[in-house]
Amino acid sequence: MTATDRAAFALVEDGLVHHRGGRLQEARARYEAALARMPRHADALHLLGVIAMQEQRHADALDLIGRAIEISPQAAYFDNLGNALRSWGKLEAAVESYEQALALDPNHFRAHNDLGMALLHMRLPAAAASSFGKAVQINAQFAEAHSNLGNVLRELGDAQAAETHCRRAIALQPMFGEAYNNLGNALKTQRKLAEAAACYVEAQRLLPQEPQVALNLGIVLRETGEHKAAIEAFRRAIALRPAWGEAWSNLLFTLSFAQDVAPKEYLDEALAFGEVASQSARPFKNWLVDRMPGAPLRIGFVSGDFRTHPVGFFLESVLAHLDPSRVRLVAYSTRPYEDALTQRLKPRFTAWRSLVGLTDEAAATMIRNDGVHILFDMSGHTDANRLPVFAWKPAPVQVSWIGYFASTGLSAIDYVLGDEWVLPQEEAAHFIERPWRLPHGYLCFTPPEPAVPIDTADPVRPLTFGCFSDLVKVNDRVVAAWSRILSALPGARLFLKAQQLADEAQRTAIVARFGAHGVAADRLSLEGPSSRDEYLAAYNRVDISLSPFPYPGGTTTAESLWMGVPVLCRHGDRFLGHLCESVVQSVDLGDWIARDDDDYVAKAVAFASDRAALAALRGGLRERVLASALCTPERFARTLEAQFAAMWRAH
């Protein structure tokens with residue numbers, strides 16, 4: 001080795017010290033100096049390519065690492081070539097590069113891990129898990145692969161194994177923020193919400209600039225009822241990533257029901273989201289729709305909830321009765337997950353498209369090319385929405401329906417579909433969208449099949465109030481009102497059933513909240529989630545359902561009524577607050593709507609005290625529901641067809 005060669009190698013070694021310390025400019029200068037002395041120094045070329053990749057100069061990275069490989073094809077070089085391709089979004093080419101690395105060195109554990117990341121981005125979680133598993137088999141001390149394996153095992157449904165690998169990653173690398181975040185995800189999946197929140201707090205301490213951690217913390221805080229703290233976390237995520245639609249949607253969803261947030265305050269925030277979402281959109285102004293008189297209207301539904309979900313429950317029976325000579329339906333699914341209800345819904349659509357993995361522009365272009373006349377958003381600001389697609393205006397008429405209960409904030413959405421109860425005239429100012437009201441209610445419930453039998457023949461059981469809504473809805477004001485009811489009826493009990501109650505910490509917390517109002521723990525029955533049949537059968541242990549406020553039950557109200565259990569609700573001051581009212585009015589039970597908190601308590605006590613009248617009502621309630629506007633899909637379908645046509649004429 002010549003003196004020039006030795007100097008070049010020394011410069012590369014010195015550059016590596018700066019590189020590992022994050023001083024990229026100093027490292028680059030030394031690598032370039034090494035190349036000036038030794039132009040075919042493969043390590044210098046490779047490491048300059050790594051810097052280019054870190055700086056997102058993708059073409060330079062590929063060129064430099066490719067030149068290094070021409071000189072000396074090494075597994076590490078192919079691994080980093082794969083990383084450069086992956087960071088540029090060229091996933092299939094990245095996989096090929098990782099496979100070349102592993103062909104040269106089958107025990108290259110980093111290449112196995114990086115291959116797993118590429119496969120995960122390609123939505124191949126099982127294959128990704130296999131690659132991460134090989135990485136930890138080769139090097140059991142590789143914390144990054146343990147964390148990644150935990151993350152994908154949670155996605156594959158094995159949350160306990162995910163927890164084990166994430167804890168192993170943290171044991172190996174105690175300051176590993178991403179592992180704390182992944183552990184939080186695994187714990188949240190197991191409904192260990194307090195532990196999950198603690199993990200996200202630690203992840204946030206270690207990764208203060210990572211918006212995903214702030215978002216995850218906000219979601220679990222919302223689920224545990226800490227709405228103000230959740231809102232702060234979502235605002236922090238937005239501050240770190242201002243155009244992130246998912247963070248905006250979680251903020252708006254939480255603001256829609258948080259106490260002390262007025263409709264005007266919510267709308268201002270929604271309009272701010274609308275401005276952000278519209279900045280990168282180029283709305284279509286010419287559409288490829290069939291304008292021939294008498295041609296069927298193409299109606300598109302965008303949703304991630306074509307499955308066992310309230311949206312699916314309210315769509316199924318109606319879609320089966322729509323006339324294909326008048327409307328042709330196109331589904332745009334935003335999730336890859338399907339179930340038995342999905343399979344029942346699919347035949348109702350002329351076409352079934354997936355928007356998973358598509359950019360907003362690509363999704364909007366697909367919808368426009370399908371010639372959709374009226375496009376429905378069925379998610380609003382709930383999970384897996386694609387609201388930014390609507391900012392591109394892929395259809396001439398766009399409508400918000402079923403999946404949400406407040407303004408989307410998008411001026412590109414023309415209408416919000418509701419009824420006279422959820423969209424009273426005096427509340428039109430709550431929306432940027434124009435109200436479009438359906439007669440006889442805006443929802444049509446699909447009764448479960450086979451029917452779960454009603455069984456109220458338990459003479460020993462004390463009178464029981466119940467609420468099967470998510471605990472997110474059970475705020476302090478609701479707890480106070482329910483406690484007043486129980487205080488007025490010393491023999492009565494309260495049965496709560498919610499997913500959060502699978503967590504012992506949440507059960508302890510809810511007991512303490514009622515205990516602060518003098519309600520003893522033995523007057524509460526607390527249950528976690530169950531199968532839908534078991535969930536519905538649990539209504540046989542309830543005499544009166546209590547709908548929370550200001551976020552009442554919608555689907556749970558319909559299910560309770562169908563199971564022969566009347567629902568008491570409180571009059572609201574916005575669309576969301578009127579949800580239960582709309583369902584109750586649909587079955588002509590308007591006297592079960594309270595004016596205010598005091599009237600809510602008084603009605604609960606009065607209805608519970610007249611056991612004979614309550615039994616008479618319950619005895620015929622299912623038949624009443626089935627004969628009501630809530631469960632007449634043929635009439636509802638005819639109404640929808642007429643309203644679709646009216647919307648198109650108004651365009």
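Listing for the model above:
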| quantity | calculated |
| --- | --- |
| Helices (runs of 4 or more DSSP H) lying entirely in the stretch 1-74 (those with 1 or more residues that are among the aliphatic types (A, V, I, L, M) and under 21 Å from residue 88 (Cβ atoms)) | 24-37, 42-54, 58-71 |
| The stretch 385-396: number of residues that are part of a helix (DSSP H, G or I) and either more than 14 Å from residue 363 (Cα to Cα) or outside the structural domain of residue 301 (by TED's automatic domain parsing) (or both) | 0 |
| Among the residues listed as 488, 521, 505, the single one being in the same structural domain as residue 603 (by TED's automatic domain parsing), farther than 30 Å from residue 612 by Cβ and touching a residue at least 40 places away in the same chain (Cβ under 8 Å) | 505 |
| The stretch 470-509 - residue that is more than 24 Å from residue 607 (Cβ to Cβ) and β-branched (Val, Ile, Thr) and, of those, surrounded by the fewest Cβ atoms within 10 Å (Cβ to Cβ) | 508 |
| Criterion: assigned by TED's automatic domain parsing to the domain that holds residue 230, more than 21 Å from residue 398 (Cβ to Cβ) and within 25 Å of the chain's Cα centre (by Cα) - qualifying residue of 257, 273, 253 | 257 |
| Some residue of the stretch 612-629 being among the charged types (D, E, K, R) and under 34 Å from the mean Cα position of the chain (by Cα) | yes |
| Residue match in the stretch 468-478 (condition: in the same structural domain as residue 618 (by TED's automatic domain parsing), under 23 Å from residue 523 (Cβ atoms), touching a Gly at 6+ places or on another chain (Cβ under 7 Å) and among the small types (Gly, Ala, Ser)) | yes |
| Positions within the stretch 413-436 being closer than 17 Å to residue 395 by Cα and surrounded by fewer than 18 Cβ atoms within 10 Å (Cβ to Cβ), in sequence order | 434 |
| Selection count where residues are in a helix (DSSP H, G or I), farther than 13 Å from residue 182 by Cβ and at pLDDT 95 or above, scope the stretch 199-226 | 12 |
| Flag if residue 114 is more than 32 Å from the chain's Cα centre (by Cα), modelled with pLDDT of 95 or more and either more than 14 Å from residue 53 (Cα to Cα) or not assigned by TED's automatic domain parsing to the domain that holds residue 356 (or both) | no |
| Residues that are in contact with a Ser or Thr (Cβ under 7 Å, 6 or more places away or on another chain) and among the acidic types (Asp, Glu), drawn from the stretch 310-332 | 316 |
| Residue 298 vs. criteria among the charged types (D, E, K, R), touching a His at 6+ places or on another chain (Cβ under 8 Å) and under 30 Å from residue 345 (Cα atoms) | yes |
| Contacts under 6 angstrom Cβ, first residue in the stretch 145-163 being in the same structural domain as residue 118 (by TED's automatic domain parsing), partner basic (Lys, Arg) and in a helix (DSSP H, G or I), 6 or more apart | 146/168; 162/154 |
| Any hit, the stretch 95-108, residues being more than 27 Å from residue 187 (Cβ to Cβ), polar (S, T, N, Q), touching a Gly at 6+ places or on another chain (Cβ under 9 Å) and surrounded by fewer than 23 Cβ atoms within 10 Å (Cβ to Cβ) | yes |
| Those residues of the stretch 311-325 which are within 23 Å of residue 404 (Cα to Cα) and surrounded by fewer than 18 Cβ atoms within 10 Å (Cβ to Cβ), in sequence order | 320 |
| Any chance residue 514 is crowded, with 17+ Cβ neighbours inside 10 Å, in a helix (DSSP H, G or I) and either acidic (Asp, Glu) or in the same structural domain as residue 611 (by TED's automatic domain parsing) (or both) | yes |
| One residue from 76, 127, 145 being farther than 24 Å from residue 180 by Cα and touching a helix residue (DSSP H, G or I) at 6+ places or on another chain (Cβ under 8 Å) | 76 |
| Residue in the stretch 524-544 that is surrounded by the most Cβ atoms within 10 Å (Cβ to Cβ), counting only those that are under 16 Å from residue 455 (Cα atoms) and among the hydroxyl-bearing types (Ser, Thr, Tyr) | 539 |
| Residue within the stretch 130-141 that is in contact (Cβ under 8 Å) with a residue 12 or more places away in the chain, of a type in the set (A, V, I, L, M), outside the structural domain of residue 226 (by TED's automatic domain parsing) and surrounded by fewer than 24 Cβ atoms within 10 Å (Cβ to Cβ) present | yes |
| Residue that is farthest from residue 446 (Cα to Cα) [pool: residues in the stretch 326-349 that are among the polar types (S, T, N, Q) and surrounded by 15 or more Cβ atoms within 10 Å (Cβ to Cβ)] | 334 |
| Filtered residue count, the stretch 561-583, keeping only those that are out of contact with any helix residue (DSSP H, G or I) (no Cβ under 6 Å at 6 or more places or on another chain) and assigned to a helix (DSSP H, G or I) | 6 |
| Subset tally (residues that are surrounded by fewer than 23 Cβ atoms within 10 Å (Cβ to Cβ) and within 22 Å of residue 444 (Cβ to Cβ)) for the stretch 380-400 | 2 |
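Each row is one residue, and each column tells you yes or no for (1) among the β-branched types (Val, Ile, Thr); (2) in contact with a strand residue (DSSP E or B) (Cβ under 8 Å, 6 or more places away or on another chain); (3) touching a residue at least 12 places away in the same chain (Cβ under 8 Å); (4) farther than 17 Å from residue 596 by Cβ.
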residue: 527; (1), (2), (3), (4): no, yes, yes, yes
residue: 533; (1), (2), (3), (4): no, no, yes, yes
residue: 545; (1), (2), (3), (4): no, yes, yes, yes
residue: 553; (1), (2), (3), (4): no, yes, yes, yes
residue: 570; (1), (2), (3), (4): no, yes, yes, no
residue: 575; (1), (2), (3), (4): no, yes, yes, yes
residue: 580; (1), (2), (3), (4): no, yes, yes, no
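Quick grid of which residues meet (1) under 17 Å from residue 408 (Cβ atoms); (2) crowded, with 18+ Cβ neighbours inside 10 Å; (3) in contact with a helix residue (DSSP H, G or I) (Cβ under 7 Å, 6 or more places away or on another chain):
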| site | (1), (2), (3) |
| --- | --- |
| 209 | no, no, yes |
| 219 | no, yes, yes |
| 225 | no, yes, yes |
| 228 | no, no, no |
| 231 | no, yes, yes |
| 235 | no, no, yes |
| 239 | no, no, no |
| 248 | yes, yes, yes |
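For (1) assigned to a strand (DSSP E or B); (2) touching a residue at least 24 places away in the same chain (Cβ under 8 Å), each residue gets a yes or a no:
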| residue | (1), (2) |
| --- | --- |
| 383 | no, yes |
| 398 | yes, yes |
| 403 | no, yes |
| 412 | no, yes |
| 423 | no, yes |
| 432 | no, yes |
| 437 | yes, no |
| 449 | no, no |
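The values are calculated or read from the model by the stated rules, or taken from the named source; none is laboratory data. Remember, predicted model here, so these are calculated numbers, not experimental data. With ideal geometry, Cβ positions are generated from the backbone for all residues, glycine too; neighbour counts draw on all protein chains shown.
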